[in-house]
Amino acid sequence: MKITIRKAEIADSATFIMLWQFYQYHKSAFDLEDVGSDGRFDIDEEYLASIIRGEEECDAYLVFVASQVAGFATVEPTEIMGKEMPELADIFVLPKYRKQGIAKFVVQHLMQVEINQWHVAVYFNDSLALKFWSNLFTKLNVALVDKVEPLKQKASTSLSLQMLNNRARAGAKQQAFARATLNLAYYL
């Protein structure tokens, strides 16, 4: 299976916005958002288009499996615990492509940089996402989880995750995770 990821381009705006509708559908089980009278979720399409145009401090990536759109991810800067770091803000894989290692590929591809600290946010009630991250952290040898109390207005719980890999045993893709810290926020 050939998985590719690339930064979204202006021509991808409609695709990215439609994928965000599917993503919002998935999230509606946790944020309890209703659709509007037009049958669509109320998403800020202009904001999403401005991300694609490079006008926001956020990068959008499209994920493909054998040249078919399979999902997306967004990365943006954030500050947590007084530190600036990138946040893997959103990751969404269409149901057809789940449980095939695609999200793991995306995480490894995007986080395979020299940055040692990342922030990840997950809805507390999203059992699929919680299971995914728990399994992925195990595979990536995450050794330490520190709970950080949430800010009341965000209703999230953050966990600081220290990732320690044995470089001698780690594969090339895992080596970038050595001594990295992930902060995981659970949204209630």
So, with points 7 Å from each Cα along the Cβ direction, the residue 76-residue 99 label distance in nm works out to 3.2
In nanometres, the difference between 0.36 nm per residue of separation and the alpha-carbon distance of residue 1 and residue 131 is 44.5 nm
Cβ density ranking, 10 Å radius, fewest first, applied to 10, 3, 52 yields 10, 3, 52
Taking r as the C-beta separation of residue 67 and residue 26 and R0 as 25 Å, the FRET efficiency to the nearest 0.05 is 0.60
Over the range 1-145, the quotient of the Cα radius of gyration and 2.2 N^0.38 Å is 1.05
Most exposed first, judged by fewest Cβ atoms within 10 angstrom, 139, 2, 104, 27 run 2, 139, 104, 27
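Laboratory data are not the source of any read-out in this text; all were calculated from the coordinates shown. Because the structure is predicted, anything quoted here is derived from the model rather than measured. Note that we place each Cβ from the backbone using ideal geometry, even for glycine, and neighbour counts take in every protein chain shown.
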